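So the structure is just underneath, and the comments pick up after that.
The values are calculated or read from the model by the stated rules, or taken from the named source; none is laboratory data. None of these values were measured; they are calculated from a predicted model. Methodologically, a virtual Cβ is constructed for each residue, glycine included, from the backbone with ideal geometry; neighbour enumeration extends over all protein chains shown. Please note that ligands, DNA and RNA were not included when accessible areas were found on the heavy atoms of the full protein model with its side chains. Shrake-Rupley method; radii C 1.70, N 1.55, O 1.52, S 1.80 Å.
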Amino acid sequence: MRSDDVDSHLEELTSRAQQGDPQAFTALVEETTAVAYRVALRTVGEPADAEDVVQEAYIRAWRSLSRLRDSGAVVGWICGIVRHVSLDRLRQRKRRRTEPFEETRAGELAEGLFGGPVPDPARAAEAAQTSALLHSLVGEIKEKYRVVLLLREVDGMTYEEIAEALSIPVGTVESRLHRARRQLAKKLQLVLRAQEKEAA
Amino acid sequence: MSASCKKYEKLLSLYLDARLDTSGRAEVDRHLATCEACRATIALLSGAAAALAAEGPAEPPPGLAARAARGALAAGSREARPSFIERWIRVAWPTAAAASVATALLLFFGLSAGNGNGQAGTSGDPVALIAQQSEPETDELVRSVLAMEEE
């Protein structure tokens with residue numbers, strides 16, 4: 001969670017921006033872009049799309065900032081707009097979340113994750129491939145669980161930060177994270193079984 | 001997964017994030033000491049978490065904040081927060097206009113009807129006009145009912 005000083009600084013910037021102060025709005029954007037970008041990226045998946053989403057979200061935020069009643073809730077409010085724009089983008093694109101998982105690649109993933117016999121010169125490339133494969137498994141998890149999982153595991157956000165960004169209670173963060181991990185564990189178990197089958 | 005594992009399912013997630021108190025952690029530790037399936041799950045999830053964390057947090061592209069702020073300020077005509085008087089006018093004006101139109105219509109039709117019947121003295125009271133207009137019909141209805149009862 002942020003310190004009280006940071007919170008009151010954001011509140012002050014928000015109040016000034018609500019009065020139409022462009023410098024305060026610019027400072028507010030500077031302060032909140034990192035979390036807005038992470039939420040966008042974890043929702044839409046592609047960095048270029050996330051960048052577009054963030055820009056569109058701040059246009060909407062500036063236009064409707066006067067409607068924000070609680071200036072102390074500005075982070076959640078901006079991230080709410082980001083989520084809305086991101087989900088619009090996903091719907092427009094009608095993109096499938098992931099490519100179908102190929103069983104033949106299961107062994108590679110398991111080796112990368114659990115220290116199998118990966119040749120040293122190729123380790124960097126293997127690591128990148130492992131990450132891509134892991135993301136493909138994570139990508140199969142339902143969107144609302146996946147976003148929480150990625151914000152936690154990749155971005156290292158605390159439960160409280162995730163709760164604030166997504167405007168959900170901490171208890172909901174806990175349960176979504178639990179569900180995401182349960183699904184991921186099942187998928188990883190399938191990977192391991194596939195690896196064992198290959199080895200046999 | 002055994003029935004007792006179900007009980008620990010949610011706790012494992014909190015355990016991974018070190019969000020259990022001392023007694024909760026000790027309870028999970030005791031379970032893990034005897035449950036191979038849960039140990040395997042923890043190992044899988046820890047491995048995945050380490051692989052994901054190795055990527056590091058996503059950082060916005062350089063200059064994104066400045067571009068976003070400039071773009072918003074250039075594109076957006078800001079919705080000013082309406083003052084109390086403005087908000088009151090927004091609500092009150094349509095209501096007053098609708099009431100005026102209704103009154104005018106009532107007066108107009110009332111006067112027309114009154115003039116048509118050649119009745120004087122009630123032109124200023126549309127309600128009285130409407131009442132007068134309906135009276136002959138009412139009387140006729142009452143008379144016909146009474147006639148039926150007499151028959």
Unique residue being under 25 Å from the mean Cα position of the chain (by Cα), under 28 Å from A:Tyr145 (Cα atoms) and open to solvent by 50 Å² or more (accessible area, probe 1.4 Å) when the list is A:Glu51, A:Glu31, A:Glu11: A:Glu31
Looking at the stretch A:1-57 only, could you name the residues that are assigned to a loop (DSSP other than H, G, I, E, B) and either facing chain B (nearest Cβ under 10 Å) or touching a helix residue (DSSP H, G or I) at 6+ places or on another chain (Cβ under 7 Å) (or both)? A:Met1, A:Gln19, A:Gly20
Which pairs do you get when a residue that is facing chain A (nearest Cβ under 7 Å), found in the stretch B:57-84, comes within reach of a residue that is at pLDDT 65 or above and open to solvent by 60 Å² or more (accessible area, probe 1.4 Å), reach meaning Cβ atoms under 7 angstrom, with the pair 6+ apart or on two chains? B:Ala65/A:Glu30; B:Leu73/A:Pro22; B:Gly76/A:Arg63; B:Arg78/A:Arg63; B:Glu79/A:Arg63
Just a yes or no: is a residue in the stretch A:58-69 within 28 Å of A:Arg146 (Cα to Cα) and out of contact with any helix residue (DSSP H, G or I) (no Cβ under 9 Å at 6 or more places or on another chain)? no
Scan the stretch B:9-31 residue by residue and report those that are open to solvent by less than 20 Å² (accessible area, probe 1.4 Å) and more than 8 Å from every other protein chain (Cβ to nearest Cβ). B:Gly24, B:Val28, B:His31
Report whether or not B:Ser46 is farther than 21 Å from A:Ser131 by Cα, free of Cβ contacts under 8 Å to residues at least 40 places away in the same chain and among the hydroxyl-bearing types (Ser, Thr, Tyr). no
Suppose the filter is part of a helix (DSSP H, G or I) and either facing chain B (nearest Cβ under 7 Å) or open to solvent by 10 Å² or more (accessible area, probe 1.4 Å) (or both); does A:Arg69 pass it? no
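Quick check on my filter: what residues within the stretch A:139-160 are among the hydroxyl-bearing types (Ser, Thr, Tyr) and either in contact (Cβ under 8 Å) with a residue 60 or more places away in the chain or within 11 Å of chain B (Cβ to nearest Cβ) (or both)?
Of everything in the stretch A:139-160, those that are among the hydroxyl-bearing types (Ser, Thr, Tyr) and either in contact (Cβ under 8 Å) with a residue 60 or more places away in the chain or within 11 Å of chain B (Cβ to nearest Cβ) (or both) turn out to be A:Thr158, A:Tyr159.
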For A:Val170, only one of the following conditions fails: (1) farther than 17 Å from B:Ala18 by Cα; (2) open to solvent by 10 Å² or more (accessible area, probe 1.4 Å); (3) among the aliphatic types (A, V, I, L, M). What is its number? (1)
